[in-house]
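Participant: One structure, as structure tokens, below. Some questions next.
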Amino acid sequence: MRSAARACLLALVMLVTASRGLRAQCSGGKKSNFNTFTVTPAALVLPPGSAATFNAGWSVSGYTIDVRPKGRNQWYLCVLPLSLNMGTVSGYTKPLSDLQWSLDGVTWTTFQQLALQPIVNDTGNSTFTLYIRSLLTYANDIPLTNGSPATYSANLMFQVAM
């Protein structure tokens, strides 16, 4: 019994330590360390709900991110969702867990609620696409009485740190 308790305590300490490390990666950046940092478009627009997107189960779009640091220092790109959900329509609250990101369009990660999440770490100049997708289901995402899809939104804040 004591071994199990110690193992659980050790696992908890490791989890807290690891999460502090992630937060440290996502803080401490100075604008003077970067020539440019751009995220395009300024606001992501996912394709509207259609039979094709609902049948696929997802609506997918992307951001082009360009990071140009001064020098070849290591940097981290982090994202922070600024809300707990994507809004409520006709009594259905769309959870933030329905929103995911990917660098390759194959491996997807759910956004963490109200936590800075490291996405990329690199050195030097880099331009890449960050894909964002939202789960679509007929049961939840067509709550309007006229049978049309609801519109939801989520605010994401990107930051780059060294």
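The values are calculated or read from the model by the stated rules, or taken from the named source; none is laboratory data. Only a predicted model underlies this, so the values are computations on that prediction, with no experimental measurement involved. Quick note on the areas: whole protein, heavy atoms, side chains included, nothing else; ligands and nucleic acids left out. Shrake-Rupley method; radii C 1.70, N 1.55, O 1.52, S 1.80 Å.
Participant: Just the Cα atoms of segment 25-98, one point each, no solvent: what log10 I(q)/I(0) does Debye give at q = 0.15, 0.18, 0.21 Å⁻¹?
Facilitator: For segment 25-98 at q = 0.15, 0.18, 0.21 Å⁻¹, log10 I(q)/I(0) is -0.75, -0.92, -1.08.
Participant: Starting from the amide H of Gly62, placed 1.01 Å from N in the peptide plane, find each other amide H under 5 Å away whose residue is 5 or more places distant or on another chain.
Facilitator: Excluding prolines and chain starts, which carry no amide H, the hits are Ile132.
Participant: Using the heavy atoms of the protein chains and a 1.4 angstrom probe, tell me the accessible area per residue for segment 115-162 in square angstrom.
Facilitator: 49
Participant: Can you give the extra length, in nm with one decimal, that the chain gains between Val106 and Met157 once fully stretched, where that is 0.36 nm per residue apart less the Cα-Cα distance?
Facilitator: So the chain would gain 16.1 nm between Val106 and Met157.
Participant: Probe radius 1.4 Å, ligands and nucleic acids ignored: give me the carbon and sulfur share of the accessible area of segment 62-162 as a rounded percent.
Facilitator: Using a 1.4 Å probe with all protein chains present, segment 62-162 comes out at 48 percent carbon and sulfur.
Participant: With a ≥ b ≥ c the root eigenvalues of the C-alpha gyration tensor of segment 100-139, is it rounded (a/c under 1.5), prolate (a/b larger than b/c) or oblate?
Facilitator: oblate
Participant: Okay, next question. Report the full-extension gain for the segment Ser27 to Lys70: residue separation times 0.36 nm, less the Cα-Cα distance, to one decimal in nm.
Facilitator: Stretched fully, the Ser27-Lys70 segment lengthens by 13.7 nm.
Participant: In segment 63-157, what is the volume of the convex hull around the alpha carbon atoms, normalised per residue and reported in Å³?
Facilitator: It comes to 97 Å³ per residue, whole-number rounded.
Participant: Mind listing the Cα extents of segment 39-78 along all three principal axes, in Å, largest one first?
Facilitator: Taking the Cα atoms of segment 39-78, the three principal extents are 48, 17, 12 Å.
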